[in-house]
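Okay, so here's the structure we're looking at.
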Amino acid sequence: MGSMKEKMHTGELYLPGDAEIMEDQVRRLDRLYDYNKTRPTEGTKREAMLKEMFAEVGEGCYIEPPFHANMGGGNVHFGNYVYANFNLTMVDDTHIYVGDYTMFGPNVTVATAGHPILPELREKMYQYNMPVHIGKRCWIGAGAVIVPGVTIGDDTVIGAGSVVTKDIPAGVVAVGNPCRVLREIGDYDREYYFKNRKIDYEAIE
């Protein structure tokens with residue numbers, strides 16, 4: 001029978017108000033507060049702070065403040081060149097993994113924490129956490145919500161405003177509430193980048 005802090009990462013029910021958890025959380029949130037007060041000209045400082053705050057962060061990552069995270073990013077694992085627009089919220093009570101070159105639009109929420117449906121357990125403040133995995137080169141559209149335990153495969157696009165309640169495979173466009181696969185990414189996307197606008201490969205390579 002592990003401590004409450006250990007149970008944060010096992011999927012078991014636990015009490016998030018445990019003194020050891022709260023002490024760690026408040027310390028991390030203080031540092032997150034400092035990050036959100038940085039100026040746009042302080043890019044080097046921001047990068048150094050992310051390396052301190054996150055469980056892992058690769059090269060070239062950029063998060064536009066304000067950034068919100070339950071544990072201040074302490075359970076967030078970013079690959080290289082991850083980009084996040086304003087108001088990324090990561091409910092990182094357990095681990096969130098994000099692959100290289102993935103992009104988050106504004107106002108995206110990635111949640112690992114859940115509460116029992118049974119009201120008597122919620123009254124006692126019980127919680128459980130399930131990790132989230134997001135692959136490489138994904139684009140998570142503005143206002144999307146990703147719930148606990150979800151895996152999103154490499155190269156996938158999640159449409160703006162989608163609510164992702166189940167795993168989404170690699171190489172697809174998925175949209176809606178609940179989020180469902182709309183189509184695979186294919187030949188059309190190699191020719192057009194938006195509606196009838198063609199990709200000029202000579203101009204971009």
Q: Enumerate the amide H contacts of N177 below 5 Å, restricted to partners 5 or more residues apart or on another chain; note that Pro and chain-start residues carry no placed amide H.
A: V163
Q) Taking the chain as a Gaussian network, where each spring joins two C-alpha atoms under 10 Å apart, which residue of I117, I21, I185 fluctuates the most? A) I117
Q. What shape does segment 32-81 have by the C-alpha gyration tensor, where a ≥ b ≥ c are the square roots of the eigenvalues, rounded means a/c under 1.5, and otherwise prolate means a/b greater than b/c and oblate the rest?
A. oblate
Q: Could you tell me how many degrees, from 0 to 90 and to the nearest 10, lie between the Cα long axis of helix 19-36 and the main elongation axis, the longest principal axis, of the Cα atoms of the chain?
A: 40
Q. Over segment 1-101, what is the mean sequence separation of C-alpha contacts under 8 Å (at least six apart), divided by residue count, expressed as relative contact order in percent?
A. 23
Q | Apportionment of accessible area to carbon and sulfur, segment 1-130, percent (1.4 Å) | A | 55
Q. Percent relative contact order of the chain, based on C-alpha pairs within less than 8 angstrom and at least six residues apart?
A. 13
Q) So what is the calculated 222 nm ellipticity per residue for the chain, using -39500 (n - 2.57) for each DSSP H run with n of 4 or more, over all residues, to the nearest 500 deg cm²/dmol? A) -6000 deg cm²/dmol
Q: Could you work out the local net charge near D24, counting Lys and Arg as +1, Asp and Glu as -1, over the other residues with Cβ closer than 13 Å to its Cβ?
A: -3
**Q.** Net dipole in debye of the chain [+1 Lys, Arg Cβ; -1 Asp, Glu Cβ; about Cα centre; nearest 20]
**A.** 460
Q) If packing is taken as the mean number of other Cβ atoms within 10 Å per residue, what is the order of 161-174, 40-53, 2-15, 188-201, highest first? A) 161-174, 2-15, 40-53, 188-201
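The values are calculated or read from the model by the stated rules, or taken from the named source; none is laboratory data. Quick caveat, the model's predicted, so the values are computed rather than measured. Note: ideal-geometry Cβ built from the backbone for every residue, glycine included; neighbour counts use all protein chains shown. These accessible areas exclude ligands, DNA and RNA; they are computed on the full protein's heavy atoms, side chains included. Shrake-Rupley method; radii C 1.70, N 1.55, O 1.52, S 1.80 Å.
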